[in-house]
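Visitor: Take this structure first; my questions come after.
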Amino acid sequence: MSGAKTGKGPSRRWLYGPLIGFAVLVGLYTAYWFFAIGKIEQGLDEWIAQQRAEGIEIDYAAREFGGFPYRFMVTFDAPSYRNWQVDWRGEELELFMQPWNYRHAIARMPGRNEVVSREFDGTVLLDEKSAASFRWDGEGLTDIGLTLNLAEFVSGEADVSVRGLKTNYAARGDVVRLGVDWDGVTVSPELIEGGRLAFLGPEMQQSRLRVQFTGLANNGGQEGVARRVDLAQLRLNWGPLKFGAKGDVDITPAGYLDGPVQIRLDDAEALSAAMKEAGRLPPQSALIVQAIGAASEDGQFLSLQISDGALTILGIPLLTLPPVVPPLPRSDAGVLVQ
């Protein structure tokens with residue numbers, strides 16, 4: 001008689017637990033995704049209906065919802081939008097949102113976009129890598145980003161080509177930050193032909209702007225609220241002009257800049273030569289370029305003062321800036337004490 005044991009081996013039911021849990025999670029996420037995309041479709045329909053009720057024309061040939069499982073995506077074919085300021089017609093509009101962030105959207109409009117507005121009438125050609133980003137909270141937009149990998153603006157008057165443009169706008173309370181970068185901007189020669197700056201040429205090279213505004217959004221019309229512009233960096237490369245600036249200045253109640261700034265010029269000799277060849281180098285201008293160039297050696301800056309929008313150097317008026325913001329309303333305090 002054999003003494004071999006015929007009992008069963010160890011149970012493997014524990015292997016099924018993780019698989020079942022994973023299947024449940026997949027099912028729950030799938031249900032969540034379809035529920036969320038339905039809410040997005042409903043919200044989009046309500047927004048379009050509201051816009052149309054206000055007299056805005058919105059139309060499209062077809063739309064499609066998708067993106068499962070990684071994102072929510074809405075694609076419009078032949079979309080159009082028209083209000084009292086602008087008339088836009090595009091080939092395609094794509095909107096993206098991540099499942100974990102309902103307050104961030106990315107938009108793309110690749111292809112041909114026809115634009116008619118008060119400022120610009122023409123065609124905008126955007127490549128597939130160009131996009132806009134929007135973030136918002138319960139009170140409205142907080143961040144706007146725009147990336148134009150390659151954009152061409154074509155109108156009846158002139159053509160403009162933009163390469164590597166990146167802009168960022170961020171609002172936090174009473175502080176607004178703005179950043180602008182581009183790799184290159186080229187305009188058709190006829191756009192600047194005969195102008196005062198035609199000698200700089202039709203192409204701007206890599207440039208940058210970093211600036212912060214304080215006290216503009218929530219001043220409440222009060223003259224006692226400080227309004228400032230903090231220019232962290234301005235770098236403009238336009239042909240022979242290699243210009244830099246920085247400074248923290250106040251904004252007067254009338255809307256003018258007022259305070260110290262620092263400027264610099266690299267390769268002032270090349271700028272002087274270009275201005276001279278174009279007949280744009282009178283003795284005063286030559287003196288100004290020479291002074292800024294000399295002060296800019298070894299990476300230094302020349303300190304200047306803006307007084308109510310007027311900038312002078314060596315006692316010579318350099319330029320007068322227009323108001324950067326509307327003036328504050330006049331206070332009634334003086335009336336009350338009379």
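Visitor: Select from PRO79, ILE58, SER130 the residue farthest towards the positive end of the dipole of the range 21-131; place +1 on Cβ of Lys and Arg, -1 on Cβ of Asp and Glu, and compute about the Cα centre.
Guide: Of PRO79, ILE58, SER130, it is SER130.
Visitor: What whole-number distance in Å separates the alpha-carbon centres of the range 134-186 and the range 93-132?
Guide: Using only Cα atoms to place each centre, the spacing works out to 11 Å.
Visitor: Net charge near ALA232, counting Lys/Arg +1 and Asp/Glu -1 over other residues with Cβ under 14 Å of its Cβ?
Guide: Here the count lands on +3.
Visitor: Moving on to the next point. Rounded, prolate or oblate: which fits the chain, taking a ≥ b ≥ c as square roots of the Cα gyration tensor eigenvalues, rounded meaning a/c under 1.5, else prolate when a/b beats b/c?
Guide: Note, shape of the chain comes out prolate.
Visitor: Pairs of alpha-carbon atoms within less than 8 angstrom and 6+ residues apart define the contacts here; what relative contact order does the range 21-131 have, in percent?
Guide: Computed over the range 21-131, the figure is 16 percent.
Visitor: Something else about it: Any idea what the relative contact order of the chain is, in percent, if you count C-alpha pairs under 8 Å spaced at least 6 apart?
Guide: RCO, the chain: 7 percent.
Visitor: What is the helix-to-structure angle for 16-53, meaning the angle in degrees between its Cα long axis and the longest Cα principal axis of the chain, kept from 0 to 90 and rounded to the nearest 10?
Guide: Value to nearest ten degrees: 50.
Visitor: What does the charge add up to near VAL115, with Lys and Arg as +1, Asp and Glu as -1, over the other residues with Cβ less than 9 Å from its Cβ?
Guide: Its environment carries a net charge of -2.
Visitor: Something else: Between 0 and 90 degrees, rounded to the nearest ten: what's the tilt of helix 268-277 against the longest Cα principal axis of the chain?
Guide: Helix 268-277 sits roughly 70 degrees off the main axis of the chain.
Visitor: Rounded to whole Å, give me the distance from the Cα center of the range 263-313 to that of the range 23-55.
Guide: Using only Cα atoms to place each centre, the spacing works out to 58 Å.
Visitor: Here's a follow-up. Starting from 0.36 nm per residue, how many nanometres of slack lie between THR30 and VAL116 once their C-alpha separation is accounted for?
Guide: Extending this stretch completely gives an extra 26.7 nm.
Visitor: At a 10 angstrom cut-off on C-beta neighbours, averaged per residue, how do the peptides 30-39, 143-152 rank from highest to lowest?
Guide: Peptide ranking by packing, descending: 143-152, 30-39.
Visitor: Determine the dipole magnitude for the chain: charges of +1 sit on the beta-carbon of Lys and Arg, -1 on that of Asp and Glu, nothing else is charged, the reference point is the Cα centre, and the result goes in debye to the nearest 20.
Guide: 1880 debye
Visitor: So what is the 222 nm mean residue ellipticity for the chain from helices alone, if each DSSP H run of at least 4 adds -39500 (n - 2.57) and you divide by all residues, rounding to the nearest 500 deg cm²/dmol?
Guide: Mean residue ellipticity, 222 nm, calculated: -6500 deg cm²/dmol.
Visitor: Among the chymotrypsin sites (Phe, Trp or Tyr not before Pro) within the range 66-115, which fall in a DSSP loop and have no more than 13 other Cβ atoms within 10 Å of their own Cβ?
Guide: Qualifying residues, ordered by number: TYR70, TRP84, TRP100.
Visitor: If you put +1 on each Lys and Arg Cβ and -1 on each Asp and Glu Cβ, how big is the dipole of the range 21-131 around its Cα centre, in Debye rounded to 20?
Guide: Dipole about the Cα centre, nearest 20: 440 debye.
Visitor: Arranged by the count of other C-beta atoms within 10 angstrom, fewest first, what order do LEU165, LEU178 take?
Guide: The order, fewest Cβ neighbours first, is LEU178, LEU165.
Visitor: Still on this structure, I have one more. Taking the Cα centre of the chain as the origin and placing charges on Cβ (Lys, Arg +1; Asp, Glu -1), which of LEU281, TYR256, PHE96 is farthest toward the positive end of the dipole?
Guide: Result: PHE96, furthest along the dipole toward the positive end.
Visitor: For helix 283-295, report the angle its Cα long axis makes with the longest principal axis of the Cα atoms of the chain; keep it between 0 and 90° and round to the nearest 10°.
Guide: Tilt relative to the chain: about 50 degrees.
Visitor: If you take the charge dipole of the chain about its Cα centre, with +1 on Lys and Arg Cβ and -1 on Asp and Glu Cβ, which of THR186, TRP47, TRP238 is farthest toward its positive end?
Guide: Towards the positive end, the residue furthest out is TRP47.
No lab work stands behind these numbers, since they all come straight from the coordinates. Since this is a predicted model, take the numbers as computed values, not measurements. All Cβ positions, glycine included, derive from the backbone under ideal geometry; neighbour counts span all protein chains shown.
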